[in-house]
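Everything below concerns the one structure shown next.
Read-outs throughout are calculated quantities, based only on the coordinates presented, and are distinct from any laboratory measurement. Only a predicted model underlies this, so the values are computations on that prediction, with no experimental measurement involved. Note: ideal-geometry Cβ built from the backbone for every residue, glycine included; neighbour counts use all protein chains shown.
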Amino acid sequence: MYQEQVNPTPYVAPVKEPVLDYDIWLSQQPKKPSIWTKLLSLRPIEEEGDLVIDHAYDGIKELNNPVPTWFNVLFFGTMIFAVSYLFYYHIGGYGDLQDQEYEQEIAKAQVDKAAYLEKSANTIDESSVKVDKTLAVLQEGRTIFNTNCVVCHGDKGQGIIGPNLTDEYWLHGGGISNVFKTIKYGVPEKGMISWEKNLNPKQMSAVANFVLSLSGTKPAGAKAPQGEKYEAKNPKDNEMKTAKDTVRKEDDAKK
Ligand code: HEC
């Protein structure tokens, strides 16, 4: 900067470049054809004379233009595709055919369906529980009953510490939702456990259905009926009687 102030560079007028003529400019351009021209297989218009086919109809002449590259690429591409497709799916058997794909999707749907049913089963509560007498459900219920309930209710539901489950008399109401409710919440002060934490809703509904299926079996050594006779007046009768209402007659007598 300082040097520049002391010794300024002298001003040099810029040299004007001569203006090119268009033809000269064109001849200076690289002669390589562009990709676009190659793709379309375009021939320069100067070569048109070489392409004219030797006949003329009504004075109309035809040019023997080469087939464009893009067309050839597509055309041979379809052949290569067809061969590899045939090999991949039909000869080599690497890909899944329609039928196999269909079966796979059905299998997947079944898995999803099972998962959905499992999920919806776990949302069962006393208001949505349904009477279900299917063999699978009752068998599941029997297994659960045998492992959990037999100690107090007897192997046939005849009653030991717990009441007889086979008669029409119920301390806490019969019918699927009452029984489900008793099983779910239990009657802790009377020795009936709340099963909510040990059994999932589906299991509770299965065992409730199993308990109901015992009704009227009249097993040997059955405990005397306790509670009130339950008549399904209203199948949606969800009202659970509190423990107080169901104090046994004997208990009353003792006082
Ligand atoms: C520890 C003993 C015991 C076990 C285990 C037990 N219970 Fe009970 N259960 C009782 C007693 C005691 C009562 C009576 C409650 C009352 O007096 O209010 C009862 C009542 C019931 C009632 C109501 C009966 C009625 O008359 O209303 C049902 C239903 C029942 N139990 C089902 C089951 C099921 C299902 C299981 C197994 C998952 C089970 N219990 C396991 C002791 C038991």
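A few points about this structure:
- Kyte-Doolittle mean at least -1.0 and Cα axial length at least 15 Å: DSSP H helices in the chain: 69-85, 135-148, 201-213
- Charge tally in the Cβ shell below 15 Å around residue 165, where Lys, Arg are +1 and Asp, Glu are -1, residue 165 excluded: +3
- Highest average packing first - 25-31, 204-210, 223-229, Cβ atoms within 10 Å: 204-210, 223-229, 25-31
- Translational D in µm²/s for the range 15-158 (Stokes-Einstein at 4 °C, 1.567 mPa s, Kirkwood Rh from C-alpha pairs): 51 µm²/s
- Directionally averaged shadow of the range 22-66, computed from the convex hull of its alpha-carbon atoms, nm²: 4.5 nm²
- Distance from the C-alpha centroid of the range 192-235 to that of the range 94-163: 18 Å, rounded to the whole angstrom.
- Dividing the summed -39500 (n - 2.57) terms of all DSSP H runs of n ≥ 4 by the residue count of the chain sets its mean residue ellipticity at 222 nm at -12500 deg cm²/dmol.
- Candidates 91, 106, 53: whichever shows maximal mean-square fluctuation once the chain is modelled as a Gaussian network with Cα springs under 10 Å: 53
- Cβ crowding within 10 Å averaged over residues, with 14-21, 41-48 ranked highest first: 41-48, 14-21
- Rh by Kirkwood over Cα pairs, then Stokes-Einstein D for the chain at 1.002 mPa s and 20 °C, µm²/s: 77 µm²/s
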